[in-house]
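Structure first, commentary second.
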Amino acid sequence: MNENEETRGMYHTITYGCQMNEHDSEKLAGVLEEDGYTPTEDIEKADVIIINTCCVRENAELKVFGKVGSLKQYKRQNPELIIGICGCMMQQEEIVQEIKEKYSHVDIVFGTHNIHRFPELLAEARQFQNPLIEVWEQEKGLIPELPAKRESDYQAWTTIVYGCDNFCSYCIVPYVRGRERSRPVENILKEVRELSSEGIKEITLLGQNVNSYGKDLSENIDFADLLQELNKVDGIERIRYMTSHPRDFNQKLIETIADTEKVCEHIHLPMQSGSSKILKEMKRGYNQEEYLELVKEIREAMPEVAISTDFIVGFPGESEADFQETLKVVKEVKFDMAYTFLYSQRSGTPAAKLEEQIPKHIKKERLERLMDLQSQISQEQNEKLVGKTLEVLVEGESKKDSSKLTGRSRSNKIVIFSGDSNLTGELINVNINKAQSWTLFGSLIE
Ligand code: SAH
Ligand code: SF4
Ligand code: F3S
(Lines give C-alpha, C1' and ligand atoms only; values in the text may rest on other atoms or scores of the structure.)
(Ligands and ions follow the chains in the order given, each with its own letter.)
Protein backbone atom coordinates (compact mmCIF):
# COMPACT_ATOMS: atom_id res chain seq x y z
CA MET A 1 0.00 0.00 0.00
CA ASN A 2 1.14 3.56 -0.57
CA GLU A 3 1.36 6.60 1.67
CA ASN A 4 -2.22 7.57 0.85
CA GLU A 5 -3.56 4.54 2.67
CA GLU A 6 -5.31 6.61 5.32
CA THR A 7 -6.99 9.00 2.92
CA ARG A 8 -8.22 6.81 0.09
CA GLY A 9 -11.21 5.17 1.75
CA MET A 10 -13.12 1.98 1.07
CA TYR A 11 -14.32 0.02 -1.95
CA HIS A 12 -17.11 -2.44 -2.65
CA THR A 13 -17.33 -4.70 -5.70
CA ILE A 14 -20.39 -6.45 -7.15
CA THR A 15 -19.76 -9.18 -9.70
CA TYR A 16 -22.13 -10.91 -12.14
CA GLY A 17 -21.30 -13.74 -14.52
CA CYS A 18 -18.74 -16.51 -14.77
CA GLN A 19 -15.44 -17.27 -12.99
CA MET A 20 -13.63 -15.21 -15.59
CA ASN A 21 -15.49 -12.17 -14.29
CA GLU A 22 -14.99 -13.19 -10.65
CA HIS A 23 -11.28 -13.36 -11.35
CA ASP A 24 -11.30 -9.97 -13.12
CA SER A 25 -12.94 -8.54 -9.99
CA GLU A 26 -10.07 -9.96 -7.93
CA LYS A 27 -7.72 -8.04 -10.23
CA LEU A 28 -9.74 -4.84 -9.80
CA ALA A 29 -9.58 -5.37 -6.04
CA GLY A 30 -5.81 -5.84 -6.39
CA VAL A 31 -5.52 -2.53 -8.22
CA LEU A 32 -7.70 -0.73 -5.65
CA GLU A 33 -5.69 -2.09 -2.74
CA GLU A 34 -2.39 -1.09 -4.36
CA ASP A 35 -3.93 2.35 -4.67
CA GLY A 36 -4.61 2.43 -0.93
CA TYR A 37 -8.28 1.47 -0.74
CA THR A 38 -9.59 -1.13 1.71
CA PRO A 39 -12.52 -3.48 1.07
CA THR A 40 -15.91 -3.15 2.76
CA GLU A 41 -18.89 -5.50 2.74
CA ASP A 42 -21.12 -2.56 3.57
CA ILE A 43 -22.04 -0.73 0.36
CA GLU A 44 -23.18 2.35 2.30
CA LYS A 45 -19.65 2.87 3.63
CA ALA A 46 -17.99 2.61 0.23
CA ASP A 47 -16.17 5.49 -1.48
CA VAL A 48 -15.81 3.46 -4.67
CA ILE A 49 -18.41 0.98 -5.96
CA ILE A 50 -17.53 -1.21 -8.94
CA ILE A 51 -20.07 -3.34 -10.81
CA ASN A 52 -18.54 -6.00 -13.02
CA THR A 53 -21.20 -7.06 -15.52
CA CYS A 54 -22.26 -10.08 -17.59
CA CYS A 55 -24.42 -10.19 -20.73
CA VAL A 56 -24.53 -13.90 -21.56
CA ARG A 57 -28.31 -13.97 -20.99
CA GLU A 58 -30.91 -11.22 -20.82
CA ASN A 59 -31.69 -11.73 -17.13
CA ALA A 60 -28.03 -11.08 -16.27
CA GLU A 61 -28.36 -7.67 -17.94
CA LEU A 62 -31.66 -6.88 -16.25
CA LYS A 63 -30.10 -7.53 -12.85
CA VAL A 64 -27.27 -5.13 -13.66
CA PHE A 65 -29.62 -2.32 -14.70
CA GLY A 66 -31.64 -2.85 -11.51
CA LYS A 67 -28.49 -2.66 -9.41
CA VAL A 68 -27.08 0.42 -11.16
CA GLY A 69 -30.41 2.20 -10.71
CA SER A 70 -30.43 1.42 -7.00
CA LEU A 71 -27.02 3.08 -6.52
CA LYS A 72 -28.42 6.53 -7.25
CA GLN A 73 -29.49 6.98 -3.61
CA TYR A 74 -25.91 6.42 -2.38
CA LYS A 75 -24.61 9.03 -4.79
CA ARG A 76 -27.19 11.49 -3.43
CA GLN A 77 -26.06 10.78 0.13
CA ASN A 78 -22.39 11.03 -0.82
CA PRO A 79 -21.64 13.09 -3.94
CA GLU A 80 -17.93 12.13 -3.63
CA LEU A 81 -18.82 8.48 -4.22
CA ILE A 82 -17.26 7.04 -7.40
CA ILE A 83 -19.38 4.50 -9.27
CA GLY A 84 -17.71 2.37 -11.93
CA ILE A 85 -19.22 -0.17 -14.32
CA CYS A 86 -17.12 -2.59 -16.30
CA GLY A 87 -17.12 -6.07 -17.79
CA CYS A 88 -18.73 -7.85 -20.72
CA MET A 89 -21.93 -5.81 -20.92
CA MET A 90 -19.91 -2.63 -21.45
CA GLN A 91 -18.38 -4.03 -24.64
CA GLN A 92 -21.73 -3.35 -26.33
CA GLU A 93 -22.14 0.16 -27.71
CA GLU A 94 -25.91 0.41 -27.28
CA ILE A 95 -25.59 -0.51 -23.59
CA VAL A 96 -22.91 2.13 -22.98
CA GLN A 97 -25.19 4.62 -24.73
CA GLU A 98 -28.06 3.66 -22.43
CA ILE A 99 -25.88 4.07 -19.35
CA LYS A 100 -24.80 7.49 -20.58
CA GLU A 101 -28.36 8.62 -21.17
CA LYS A 102 -30.23 7.13 -18.24
CA TYR A 103 -27.70 6.63 -15.46
CA SER A 104 -25.88 9.92 -15.09
CA HIS A 105 -24.73 8.95 -11.58
CA VAL A 106 -22.18 6.56 -13.11
CA ASP A 107 -18.65 8.02 -13.11
CA ILE A 108 -16.53 5.45 -14.95
CA VAL A 109 -17.32 2.95 -17.70
CA PHE A 110 -14.68 0.55 -19.03
CA GLY A 111 -14.64 -2.80 -20.81
CA THR A 112 -13.00 -6.21 -20.61
CA HIS A 113 -9.95 -5.18 -22.65
CA ASN A 114 -8.82 -2.19 -20.64
CA ILE A 115 -9.22 -3.16 -17.01
CA HIS A 116 -5.52 -2.26 -16.56
CA ARG A 117 -6.54 1.35 -17.31
CA PHE A 118 -8.70 1.33 -14.21
CA PRO A 119 -6.15 3.06 -11.89
CA GLU A 120 -5.81 6.03 -14.28
CA LEU A 121 -9.57 6.26 -14.83
CA LEU A 122 -10.10 6.22 -11.09
CA ALA A 123 -7.53 8.98 -10.54
CA GLU A 124 -9.23 11.11 -13.19
CA ALA A 125 -12.66 10.45 -11.72
CA ARG A 126 -11.42 11.73 -8.36
CA GLN A 127 -10.49 15.02 -10.01
CA PHE A 128 -13.22 15.64 -12.54
CA GLN A 129 -16.99 15.57 -12.38
CA ASN A 130 -17.75 14.39 -15.93
CA PRO A 131 -18.34 10.68 -16.55
CA LEU A 132 -15.36 8.88 -18.10
CA ILE A 133 -16.11 6.28 -20.72
CA GLU A 134 -13.31 4.22 -22.19
CA VAL A 135 -14.07 0.91 -23.86
CA TRP A 136 -11.46 -0.75 -26.08
CA GLU A 137 -12.09 -3.26 -28.83
CA GLN A 138 -9.10 -5.33 -27.82
CA GLU A 139 -5.92 -4.68 -25.84
CA LYS A 140 -3.15 -2.98 -27.71
CA GLY A 141 -0.15 -5.33 -27.61
CA LEU A 142 0.53 -7.74 -24.76
CA ILE A 143 -2.18 -8.40 -22.20
CA PRO A 144 -1.05 -6.63 -19.02
CA GLU A 145 -0.76 -8.86 -15.96
CA LEU A 146 -2.48 -7.34 -12.94
CA PRO A 147 -2.00 -8.32 -9.30
CA ALA A 148 -5.09 -10.13 -7.99
CA LYS A 149 -6.47 -9.83 -4.48
CA ARG A 150 -7.53 -13.48 -3.98
CA GLU A 151 -10.76 -14.32 -2.23
CA SER A 152 -9.40 -17.55 -0.76
CA ASP A 153 -6.14 -18.57 0.96
CA TYR A 154 -6.15 -22.09 -0.49
CA GLN A 155 -7.94 -21.95 -3.87
CA ALA A 156 -7.12 -19.70 -6.81
CA TRP A 157 -8.12 -19.02 -10.39
CA THR A 158 -5.55 -18.61 -13.14
CA THR A 159 -6.47 -17.47 -16.62
CA ILE A 160 -4.85 -19.54 -19.37
CA VAL A 161 -6.88 -18.46 -22.42
CA TYR A 162 -8.54 -15.08 -22.92
CA GLY A 163 -11.46 -14.63 -25.32
CA CYS A 164 -13.12 -17.16 -27.60
CA ASP A 165 -13.00 -17.95 -31.31
CA ASN A 166 -15.79 -20.49 -31.44
CA PHE A 167 -18.69 -18.22 -32.29
CA CYS A 168 -21.42 -20.65 -31.27
CA SER A 169 -24.43 -19.12 -32.99
CA TYR A 170 -26.29 -18.17 -29.76
CA CYS A 171 -23.35 -16.78 -27.82
CA ILE A 172 -22.21 -13.22 -27.24
CA VAL A 173 -18.95 -14.06 -25.44
CA PRO A 174 -16.66 -13.91 -28.54
CA TYR A 175 -17.98 -10.39 -29.26
CA VAL A 176 -17.39 -9.06 -25.75
CA ARG A 177 -14.23 -10.96 -24.79
CA GLY A 178 -12.42 -10.73 -28.10
CA ARG A 179 -10.23 -13.21 -29.95
CA GLU A 180 -8.70 -16.27 -28.36
CA ARG A 181 -5.30 -15.48 -26.83
CA SER A 182 -3.30 -18.03 -24.82
CA ARG A 183 -1.27 -16.76 -21.92
CA PRO A 184 2.45 -17.62 -22.22
CA VAL A 185 3.29 -20.81 -20.34
CA GLU A 186 6.10 -19.17 -18.34
CA ASN A 187 3.68 -16.52 -17.01
CA ILE A 188 1.22 -19.22 -15.92
CA LEU A 189 3.95 -21.31 -14.27
CA LYS A 190 5.41 -18.30 -12.50
CA GLU A 191 2.01 -17.35 -11.14
CA VAL A 192 1.17 -20.88 -10.01
CA ARG A 193 4.56 -21.27 -8.29
CA GLU A 194 3.94 -18.01 -6.43
CA LEU A 195 0.44 -19.14 -5.49
CA SER A 196 1.84 -22.40 -4.18
CA SER A 197 4.42 -20.54 -2.06
CA GLU A 198 1.54 -18.53 -0.58
CA GLY A 199 -0.22 -21.74 0.48
CA ILE A 200 -2.65 -22.25 -2.40
CA LYS A 201 -3.53 -25.94 -2.77
CA GLU A 202 -6.08 -25.92 -5.59
CA ILE A 203 -5.91 -24.02 -8.85
CA THR A 204 -8.62 -23.66 -11.48
CA LEU A 205 -7.42 -22.87 -14.98
CA LEU A 206 -9.80 -20.52 -16.75
CA GLY A 207 -10.70 -20.18 -20.40
CA GLN A 208 -13.84 -20.34 -22.54
CA ASN A 209 -12.26 -23.32 -24.25
CA VAL A 210 -9.17 -24.45 -22.34
CA ASN A 211 -8.61 -27.31 -24.80
CA SER A 212 -7.46 -24.89 -27.46
CA TYR A 213 -4.67 -23.63 -25.21
CA GLY A 214 -1.41 -22.99 -27.08
CA LYS A 215 -2.76 -22.93 -30.63
CA ASP A 216 -1.78 -19.29 -31.02
CA LEU A 217 1.58 -19.49 -29.21
CA SER A 218 4.93 -19.76 -30.95
CA GLU A 219 5.98 -22.55 -28.58
CA ASN A 220 4.87 -26.06 -29.40
CA ILE A 221 2.61 -26.61 -26.38
CA ASP A 222 -0.99 -27.74 -25.91
CA PHE A 223 -3.39 -28.03 -22.98
CA ALA A 224 -2.27 -31.57 -22.10
CA ASP A 225 1.39 -30.41 -21.96
CA LEU A 226 0.40 -27.48 -19.76
CA LEU A 227 -1.37 -29.82 -17.32
CA GLN A 228 1.79 -31.92 -17.09
CA GLU A 229 3.95 -28.86 -16.39
CA LEU A 230 1.57 -27.66 -13.68
CA ASN A 231 1.45 -31.11 -12.14
CA LYS A 232 5.15 -30.68 -11.28
CA VAL A 233 4.59 -27.58 -9.13
CA ASP A 234 5.22 -28.58 -5.50
CA GLY A 235 2.53 -27.68 -3.01
CA ILE A 236 -0.32 -27.60 -5.55
CA GLU A 237 -2.51 -30.60 -4.74
CA ARG A 238 -5.41 -30.18 -7.13
CA ILE A 239 -5.75 -28.86 -10.66
CA ARG A 240 -9.15 -28.00 -12.14
CA TYR A 241 -10.09 -26.29 -15.41
CA MET A 242 -13.14 -24.59 -16.96
CA THR A 243 -14.43 -25.03 -19.66
CA SER A 244 -13.48 -27.81 -22.01
CA HIS A 245 -15.17 -27.84 -25.39
CA PRO A 246 -16.23 -31.34 -26.53
CA ARG A 247 -15.00 -30.67 -30.06
CA ASP A 248 -11.36 -30.24 -29.06
CA PHE A 249 -11.17 -33.11 -26.56
CA ASN A 250 -8.62 -35.50 -28.05
CA GLN A 251 -7.20 -38.86 -26.94
CA LYS A 252 -3.95 -37.32 -25.72
CA LEU A 253 -5.90 -35.05 -23.39
CA ILE A 254 -8.02 -37.91 -22.04
CA GLU A 255 -4.89 -39.92 -21.27
CA THR A 256 -3.16 -36.94 -19.69
CA ILE A 257 -6.11 -36.18 -17.41
CA ALA A 258 -6.34 -39.85 -16.44
CA ASP A 259 -2.61 -40.20 -15.73
CA THR A 260 -1.79 -36.85 -14.18
CA GLU A 261 -2.13 -37.23 -10.46
CA LYS A 262 -3.18 -33.72 -9.43
CA VAL A 263 -5.73 -33.19 -12.21
CA CYS A 264 -9.12 -33.75 -10.59
CA GLU A 265 -11.67 -36.37 -11.67
CA HIS A 266 -14.22 -33.86 -12.85
CA ILE A 267 -14.91 -32.71 -16.39
CA HIS A 268 -17.33 -29.92 -17.23
CA LEU A 269 -18.32 -30.77 -20.78
CA PRO A 270 -21.15 -28.51 -21.99
CA MET A 271 -23.37 -30.38 -24.44
CA GLN A 272 -25.94 -27.55 -25.02
CA SER A 273 -28.45 -29.82 -26.80
CA GLY A 274 -29.00 -33.54 -27.38
CA SER A 275 -30.35 -32.99 -30.89
CA SER A 276 -27.83 -33.25 -33.72
CA LYS A 277 -29.98 -30.91 -35.80
CA ILE A 278 -29.90 -28.21 -33.12
CA LEU A 279 -26.18 -28.78 -32.42
CA LYS A 280 -25.51 -28.08 -36.08
CA GLU A 281 -27.55 -24.87 -35.91
CA MET A 282 -25.65 -23.93 -32.78
CA LYS A 283 -22.35 -24.44 -34.66
CA ARG A 284 -20.97 -26.60 -31.86
CA GLY A 285 -18.90 -28.77 -34.19
CA TYR A 286 -20.08 -32.17 -32.89
CA ASN A 287 -23.25 -34.22 -33.10
CA GLN A 288 -25.03 -36.42 -30.55
CA GLU A 289 -23.14 -39.59 -31.53
CA GLU A 290 -19.74 -37.88 -31.32
CA TYR A 291 -20.53 -36.46 -27.90
CA LEU A 292 -21.72 -39.86 -26.60
CA GLU A 293 -18.59 -41.51 -28.01
CA LEU A 294 -16.41 -38.94 -26.24
CA VAL A 295 -18.16 -39.60 -22.92
CA LYS A 296 -17.61 -43.32 -23.43
CA GLU A 297 -13.89 -42.84 -24.07
CA ILE A 298 -13.55 -40.57 -21.04
CA ARG A 299 -15.30 -43.07 -18.78
CA GLU A 300 -13.24 -45.97 -20.09
CA ALA A 301 -10.08 -44.11 -19.17
CA MET A 302 -11.48 -42.79 -15.85
CA PRO A 303 -14.32 -44.91 -14.42
CA GLU A 304 -14.62 -42.63 -11.33
CA VAL A 305 -14.87 -39.35 -13.24
CA ALA A 306 -17.76 -36.96 -12.60
CA ILE A 307 -19.13 -35.26 -15.71
CA SER A 308 -21.18 -32.08 -15.58
CA THR A 309 -22.70 -30.18 -18.47
CA ASP A 310 -24.68 -27.16 -19.68
CA PHE A 311 -27.91 -27.28 -21.69
CA ILE A 312 -29.80 -24.53 -23.44
CA VAL A 313 -33.51 -25.22 -23.95
CA GLY A 314 -35.66 -23.50 -26.54
CA PHE A 315 -32.98 -22.66 -29.10
CA PRO A 316 -34.76 -21.32 -32.23
CA GLY A 317 -36.39 -24.15 -34.16
CA GLU A 318 -36.15 -26.66 -31.27
CA SER A 319 -39.12 -29.02 -31.72
CA GLU A 320 -40.56 -31.29 -29.06
CA ALA A 321 -38.75 -34.15 -30.83
CA ASP A 322 -35.42 -32.27 -30.58
CA PHE A 323 -36.05 -31.66 -26.89
CA GLN A 324 -36.81 -35.37 -26.45
CA GLU A 325 -33.31 -36.06 -27.80
CA THR A 326 -31.91 -33.94 -24.98
CA LEU A 327 -33.94 -35.89 -22.40
CA LYS A 328 -32.77 -39.15 -23.98
CA VAL A 329 -29.11 -38.18 -23.74
CA VAL A 330 -29.54 -37.02 -20.15
CA LYS A 331 -30.95 -40.44 -19.22
CA GLU A 332 -28.24 -42.24 -21.12
CA VAL A 333 -25.17 -40.28 -19.99
CA LYS A 334 -26.27 -39.79 -16.38
CA PHE A 335 -24.49 -36.48 -15.82
CA ASP A 336 -23.49 -35.76 -12.24
CA MET A 337 -24.77 -32.24 -12.65
CA ALA A 338 -26.28 -30.07 -15.38
CA TYR A 339 -26.65 -26.29 -15.55
CA THR A 340 -29.74 -25.57 -17.60
CA PHE A 341 -30.65 -22.29 -19.28
CA LEU A 342 -33.55 -20.83 -21.22
CA TYR A 343 -32.32 -19.73 -24.61
CA SER A 344 -31.88 -15.97 -24.55
CA GLN A 345 -31.78 -13.88 -27.73
CA ARG A 346 -28.51 -11.90 -27.78
CA SER A 347 -28.48 -9.10 -30.32
CA GLY A 348 -25.65 -9.36 -32.80
CA THR A 349 -25.51 -13.17 -32.67
CA PRO A 350 -26.67 -15.19 -35.72
CA ALA A 351 -29.25 -17.20 -33.73
CA ALA A 352 -31.04 -14.03 -32.64
CA LYS A 353 -32.05 -13.48 -36.26
CA LEU A 354 -33.50 -16.98 -36.78
CA GLU A 355 -37.20 -16.85 -37.43
CA GLU A 356 -38.53 -19.71 -35.41
CA GLN A 357 -38.02 -18.30 -31.90
CA ILE A 358 -39.65 -20.50 -29.25
CA PRO A 359 -42.37 -18.94 -27.05
CA LYS A 360 -41.37 -18.35 -23.45
CA HIS A 361 -43.99 -20.66 -21.91
CA ILE A 362 -42.74 -23.59 -24.00
CA LYS A 363 -39.13 -22.87 -23.06
CA LYS A 364 -40.06 -22.72 -19.38
CA GLU A 365 -42.06 -25.91 -19.49
CA ARG A 366 -39.16 -27.75 -21.18
CA LEU A 367 -36.69 -26.35 -18.69
CA GLU A 368 -38.78 -27.69 -15.82
CA ARG A 369 -38.99 -31.16 -17.32
CA LEU A 370 -35.24 -31.20 -17.89
CA MET A 371 -34.47 -29.97 -14.38
CA ASP A 372 -36.77 -32.56 -12.79
CA LEU A 373 -35.13 -35.37 -14.71
CA GLN A 374 -31.59 -34.18 -13.95
CA SER A 375 -32.33 -33.76 -10.27
CA GLN A 376 -33.37 -37.44 -10.06
CA ILE A 377 -30.25 -38.50 -11.93
CA SER A 378 -27.95 -36.36 -9.78
CA GLN A 379 -29.53 -37.98 -6.73
CA GLU A 380 -28.90 -41.48 -8.17
CA GLN A 381 -25.30 -40.60 -9.08
CA ASN A 382 -24.66 -39.25 -5.59
CA GLU A 383 -26.21 -42.28 -3.90
CA LYS A 384 -23.53 -44.41 -5.52
CA LEU A 385 -21.03 -42.58 -3.32
CA VAL A 386 -22.66 -43.51 0.01
CA GLY A 387 -20.26 -45.70 1.98
CA LYS A 388 -17.21 -44.37 0.10
CA THR A 389 -14.41 -42.20 1.42
CA LEU A 390 -13.74 -38.95 -0.43
CA GLU A 391 -10.86 -36.51 -0.11
CA VAL A 392 -12.33 -33.09 0.67
CA LEU A 393 -10.75 -29.63 0.56
CA VAL A 394 -12.43 -27.83 3.45
CA GLU A 395 -13.93 -24.44 2.51
CA GLY A 396 -15.23 -23.38 5.93
CA GLU A 397 -18.55 -23.30 7.75
CA SER A 398 -21.63 -24.37 5.82
CA LYS A 399 -23.86 -21.38 4.97
CA LYS A 400 -27.01 -23.33 5.76
CA ASP A 401 -25.78 -24.78 9.07
CA SER A 402 -22.88 -23.03 10.76
CA SER A 403 -22.29 -26.00 13.08
CA LYS A 404 -21.13 -27.95 10.02
CA LEU A 405 -18.24 -27.61 7.60
CA THR A 406 -18.44 -27.64 3.83
CA GLY A 407 -15.90 -28.59 1.19
CA ARG A 408 -15.51 -30.20 -2.20
CA SER A 409 -14.37 -33.61 -3.32
CA ARG A 410 -11.95 -34.03 -6.22
CA SER A 411 -15.05 -34.85 -8.30
CA ASN A 412 -16.40 -31.37 -7.37
CA LYS A 413 -19.22 -32.62 -5.12
CA ILE A 414 -20.22 -30.47 -2.16
CA VAL A 415 -19.65 -32.41 1.05
CA ILE A 416 -21.12 -31.38 4.44
CA PHE A 417 -19.73 -32.82 7.69
CA SER A 418 -18.99 -31.97 11.33
CA GLY A 419 -15.55 -30.72 12.26
CA ASP A 420 -13.51 -27.88 13.71
CA SER A 421 -13.43 -24.73 11.56
CA ASN A 422 -9.63 -24.61 11.89
CA LEU A 423 -9.66 -27.40 9.28
CA THR A 424 -10.52 -24.74 6.66
CA GLY A 425 -8.07 -24.99 3.79
CA GLU A 426 -7.01 -28.55 4.73
CA LEU A 427 -7.39 -31.74 2.71
CA ILE A 428 -9.15 -34.34 4.82
CA ASN A 429 -11.03 -37.61 4.29
CA VAL A 430 -14.78 -37.89 4.76
CA ASN A 431 -16.86 -41.04 4.84
CA ILE A 432 -20.11 -40.41 2.94
CA ASN A 433 -23.29 -41.55 4.68
CA LYS A 434 -26.09 -39.63 2.96
CA ALA A 435 -26.74 -38.21 -0.51
CA GLN A 436 -29.01 -35.53 -1.94
CA SER A 437 -29.14 -34.26 -5.53
CA TRP A 438 -26.67 -31.40 -5.00
CA THR A 439 -24.99 -32.32 -1.71
CA LEU A 440 -23.28 -35.21 0.07
CA PHE A 441 -23.17 -35.64 3.86
CA GLY A 442 -20.58 -37.57 5.80
CA SER A 443 -18.30 -37.88 8.78
CA LEU A 444 -14.69 -36.89 9.14
CA ILE A 445 -12.19 -39.70 9.32
CA GLU A 446 -9.73 -38.68 12.06
N1 SAH B 1 -17.34 -21.40 -23.11
C2 SAH B 1 -18.27 -22.20 -22.45
C3 SAH B 1 -19.55 -21.51 -22.09
C4 SAH B 1 -19.54 -20.14 -21.51
S5 SAH B 1 -21.13 -19.41 -21.33
C6 SAH B 1 -18.62 -23.38 -23.37
O7 SAH B 1 -18.62 -23.27 -24.57
O8 SAH B 1 -18.94 -24.41 -22.84
C9 SAH B 1 -21.85 -20.51 -20.17
C10 SAH B 1 -23.10 -21.15 -20.63
O11 SAH B 1 -24.10 -20.20 -20.85
C12 SAH B 1 -23.01 -21.90 -21.95
O13 SAH B 1 -22.46 -23.17 -21.81
C14 SAH B 1 -24.45 -21.95 -22.39
O15 SAH B 1 -25.09 -23.10 -21.89
C16 SAH B 1 -25.05 -20.71 -21.74
N17 SAH B 1 -25.38 -19.71 -22.74
C18 SAH B 1 -24.55 -19.02 -23.55
N19 SAH B 1 -25.24 -18.19 -24.36
C20 SAH B 1 -26.54 -18.36 -24.07
C21 SAH B 1 -27.77 -17.82 -24.58
N22 SAH B 1 -27.78 -16.92 -25.56
N23 SAH B 1 -28.94 -18.24 -24.02
C24 SAH B 1 -28.93 -19.15 -23.03
N25 SAH B 1 -27.82 -19.70 -22.52
C26 SAH B 1 -26.65 -19.33 -23.03
FE1 SF4 C 1 -19.73 -19.05 -26.21
FE2 SF4 C 1 -19.30 -21.19 -27.67
FE3 SF4 C 1 -17.25 -19.61 -26.97
FE4 SF4 C 1 -18.47 -21.12 -25.15
S5 SF4 C 1 -17.31 -21.87 -26.90
S6 SF4 C 1 -17.92 -18.97 -24.95
S7 SF4 C 1 -20.60 -21.09 -25.81
S8 SF4 C 1 -18.93 -19.09 -28.32
FE1 F3S D 1 -20.92 -13.41 -18.69
FE2 F3S D 1 -18.77 -12.39 -19.76
FE3 F3S D 1 -18.61 -14.62 -18.36
S4 F3S D 1 -20.78 -12.47 -20.69
S5 F3S D 1 -20.60 -15.56 -18.66
S6 F3S D 1 -19.18 -12.67 -17.57
S7 F3S D 1 -17.42 -14.10 -20.17
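Observations on the structure shown:
- Being of a type outside the set (S, T, N, Q), outside the structural domain of residue 409 (by TED's automatic domain parsing) and on the phi > 0 side of the Ramachandran plot is a description that applies to residue 214.
- Taken together, the residues in the stretch 340-358 that are of a type in the set (D, E, K, R) and under 28 Å from residue 373 (Cα atoms) amount to 2.
- Matching residues in the stretch 285-312 - criterion: being under 30 Å from residue 346 (Cα atoms) and in contact with a strand residue (DSSP E or B) (Cβ under 6 Å, 6 or more places away or on another chain): 307, 308, 309, 310, 311, 312
- Screening the candidates 66, 84, 17, 36 for the property of being without any contact (Cβ under 8 Å) to a residue 12 or more places away in the chain and in the same structural domain as residue 109 (by TED's automatic domain parsing) yields one hit, 66.
- Residue in the stretch 230-239 that is within 16 Å of ligand 1 (Cβ to nearest atom), in contact with a strand residue (DSSP E or B) (Cβ under 9 Å, 6 or more places away or on another chain), among the acidic types (Asp, Glu) and over 30 Å from residue 12 (Cα atoms) present: no
- Taken over the stretch 91-106, the residue count meeting the criterion of being surrounded by 21 or more Cβ atoms within 10 Å (Cβ to Cβ), away from ligand 2 (no atom under 16 Å from the Cβ) and either of a type in the set (S, T, N, Q) or within 17 Å of residue 22 (Cβ to Cβ) (or both) is 0.
- The stretch 107-156, subset hydrophobic (A, V, I, L, M, F, W, C) and open to solvent by 60 Å² or more (accessible area, probe 1.4 Å), residue nearest to residue 209 (Cα to Cα): 142
- For the stretch 63-71, the criterion of being among the β-branched types (Val, Ile, Thr) and either under 24 Å from residue 32 (Cα atoms) or open to solvent by 40 Å² or more (accessible area, probe 1.4 Å) (or both) is satisfied by at least one residue.
- Condition met for residue 265 (surrounded by fewer than 20 Cβ atoms within 10 Å (Cβ to Cβ) and either more than 28 Å from residue 318 (Cβ to Cβ) or in the same structural domain as residue 20 (by TED's automatic domain parsing) (or both)): yes
- Check on residue 283, within 19 Å of residue 370 (Cα to Cα) and more than 20 Å from the chain's Cα centre (by Cα): no
- Top-ranked residue in the stretch 179-206 [being touching a residue at least 60 places away in the same chain (Cβ under 8 Å) and surrounded by 21 or more Cβ atoms within 10 Å (Cβ to Cβ); ranked as nearest to ligand 3 (Cβ to nearest atom)]: 206
Here is a yes/no grid of residues against (1) within 14 Å of ligand 2 (Cβ to nearest atom); (2) under 30 Å from residue 426 (Cβ atoms); (3) over 20 Å from the mean Cα position of the chain (by Cα):
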{"position": "175", "(1), (2), (3)": "yes, no, no"}
{"position": "193", "(1), (2), (3)": "no, yes, yes"}
{"position": "198", "(1), (2), (3)": "no, yes, yes"}
{"position": "207", "(1), (2), (3)": "yes, yes, no"}
{"position": "216", "(1), (2), (3)": "no, no, yes"}
{"position": "223", "(1), (2), (3)": "no, yes, no"}
{"position": "233", "(1), (2), (3)": "no, yes, yes"}
{"position": "244", "(1), (2), (3)": "yes, yes, no"}
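- Test: residue in the stretch 129-151 that is touching a residue at least 60 places away in the same chain (Cβ under 8 Å) and more than 30 Å from residue 229 (Cβ to Cβ): no
- The stretch 394-446, residues that are open to solvent by 50 Å² or more (accessible area, probe 1.4 Å), of a type in the set (Gly, Ala, Ser) and closer than 22 Å to residue 262 by Cβ: none
- From 211, 250, 220, residue being polar (S, T, N, Q) and touching a Gly at 6+ places or on another chain (Cβ under 9 Å): 220
- Leading residue by the ranking (farthest from residue 411 (Cα to Cα)) among those in the stretch 309-326 that are part of a helix (DSSP H, G or I) and either open to solvent by less than 10 Å² (accessible area, probe 1.4 Å) or among the aromatic types (Phe, Trp, Tyr) (or both): 323
- Some residue of the stretch 246-266 being in contact with a strand residue (DSSP E or B) (Cβ under 8 Å, 6 or more places away or on another chain), at pLDDT 95 or above and assigned to a strand (DSSP E or B): yes
- Filtered by the rule that a residue be open to solvent by 20 Å² or more (accessible area, probe 1.4 Å), closer than 15 Å to residue 343 by Cβ and in contact with a strand residue (DSSP E or B) (Cβ under 8 Å, 6 or more places away or on another chain), the stretch 47-60 gives a lone residue, 57.
Rundown of residues vs (1) at pLDDT 95 or above; (2) out of contact with any Cys (no Cβ under 8 Å at 6 or more places or on another chain); (3) of a type in the set (S, T, N, Q); (4) assigned to a strand (DSSP E or B), yes/no style:
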| position | (1), (2), (3), (4) |
| --- | --- |
| 20 | yes, yes, no, no |
| 23 | yes, yes, no, no |
| 32 | no, yes, no, no |
| 36 | no, yes, no, no |
| 50 | yes, no, no, yes |
| 67 | yes, yes, no, no |
| 75 | no, yes, no, no |
| 80 | no, yes, no, no |
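- Residue match in the stretch 329-350 (condition: open to solvent by 70 Å² or more (accessible area, probe 1.4 Å) and either among the hydroxyl-bearing types (Ser, Thr, Tyr) or not assigned by TED's automatic domain parsing to the domain that holds residue 262 (or both)): yes
The values are calculated or read from the model by the stated rules, or taken from the named source; none is laboratory data. Computed from a prediction, not measured in an experiment: that's the story for all the values here. FYI the Cβ positions are ideal-geometry reconstructions off the backbone, even for glycines, and counts take in every protein chain you see. Accessible surface is based on the protein model in full, side chains and every heavy atom, while ligands, DNA and RNA are left aside. Shrake-Rupley method; radii C 1.70, N 1.55, O 1.52, S 1.80 Å.
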